[in-house]
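Below: one structure, written as structure tokens.
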Amino acid sequence: MEALSLDAQEATETDVAAVLRRLAVVWADFESRLEATPLIRKLTRGRFTLADYQAFLIQLRQQVKDGALWMSRAASNVDERRLELRSTLMRHVVVEHRDFRLLEADYRATGGDFGVIQAAEKNVGSDAFSGWMFNEASKPNPFGLLGAMFIIEGLGSIKAAEWGRRVADQLGLPPEAVSFLRYHGENDAGHMEEFRAMLRQAAAGEADQRRIVRCAEITARLYVLQIEEMLL
């Protein structure tokens with residue numbers, strides 16, 4: 001993977017549009033693979049059970065808890081030429097570092113034992129996903145992670161609200177039992193303009209753009225693996 005240029009020149013709108021087109025291709029492939037996983041197939045076909053939902057909450061919680069940690073590490077590795085981008089990442093950490101608590105609250109609202117969700121280990125996919133994110137975040141100016149953020153924010157803005165409605169309808173759950181999905185469905189849709197601003201600071205060169213897209217590809221594959229492992 002090519003090293004990111006330290007040139008602080010901003011990307012043009014043409015550069016940003018080109019990266020977004022390439023990321024859209026990655027997203028389309030990711031969405032197709034995600035819909036084919038056993039867990040999501042059960043959800044979309046109306047065969048989702050409470051045990052399925054609790055498995056989703058337990059295993060997603062472990063990965064989400066790591067999210068603020070790798071994002072903090074990424075921010076610490078941004079050099080002084082891109083302080084605004086560092087600040088943006090740090091704001092994300094402040095906003096999202098307690099998201100795993102929503103998953104815990106949802107689990108308890110479904111009748112789950114709090115100790116179980118707190119003590120559960122990551123599944124194989126979650127472990128691989130978190131390991132990959134920490135590895136990328138440890139690099140100097142780890143702006144390839146913008147590709148990962150595109151995938152993760154896309155799940156929130158495109159999938160979370162739909163999944164939350166399906167879960168609540170199929171299981172007859174109250175709103176407080178799907179708070180994580182509802183929250184991200186309502187809030188992540190507004191992040192695209194902020195994401196475009198981050199791309200302008202990090203995607204000025206072709207090597208930088210390839211790194212962002214490649215990171216999105218790997219993140220997407222590992223996220224699918226995480227979901228696949230939830231019903232094994």
Study note, to complete from the structure: Once amide hydrogens are built 1.01 Å from N within the peptide plane, the residues lying 5 or more places from Ala203 or on another chain with amide H under 5 Å from its amide H are Ala11
Revision key, fill the gap. So the angle from the long Cα axis of helix 192-202 to the longest Cα principal axis of the chain, reported in degrees to the nearest 10, equals 40
Revision key, fill the gap. The answer for the net charge of residues other than Gln118 whose Cβ lies under 14 angstrom from its Cβ, with Lys and Arg +1 and Asp and Glu -1, is +1
Practice item. Multiply the residue separation of Arg81 and Arg47 by 0.36 nm, subtract the distance between their alpha-carbon atoms, and state the gained length in nm to one decimal. Key: 7.1 nm
Exercise for review: Take the chain, connect every pair of alpha-carbon atoms lying under 10 Å apart with a spring to form a Gaussian network, then pick out the residue of Asn141, Asn187, Asn77 with the largest mean-square fluctuation.
Suggested key: Asn187
**Study point:** Relative contact order (%) - the chain, alpha-carbon pairs under 8 angstrom, separation at least six
**Key:** 37
**Study point:** Karplus-derived 3J(HN,Hα), 6.51/-1.76/1.60, for each residue of the range 160-173, Hz, glycine and proline x
**Key:** 4, 5, 4, 4, x, 5, 5, 4, 4, 5, 6, 9, x, 8
**Study point:** Estimated 222 nm signal from helices in the chain, with DSSP H stretches of n ≥ 4 weighted -39500 (n - 2.57), rounded to 500
**Key:** -23000 deg cm²/dmol
Study note, to complete from the structure: Once phi for every residue in the range 206-219 is put through the Karplus expression 6.51 cos²θ - 1.76 cosθ + 1.60 (θ = phi - 60°), the whole-Hz ³J(HN,Hα) values, with Gly and Pro written as x, are 4, 4, 5, 5, 5, 5, 4, 5, 4, 5, 4, 4, 5, 4
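The numbers here are math on the coordinates, done by the rules we state, and not lab data. Note that the structure is a prediction, hence the values are computed from the model and not measured. Neighbour counts are summed over all protein chains in view; Cβ atoms, including those assigned to glycine, are modelled from backbone coordinates with ideal geometry.
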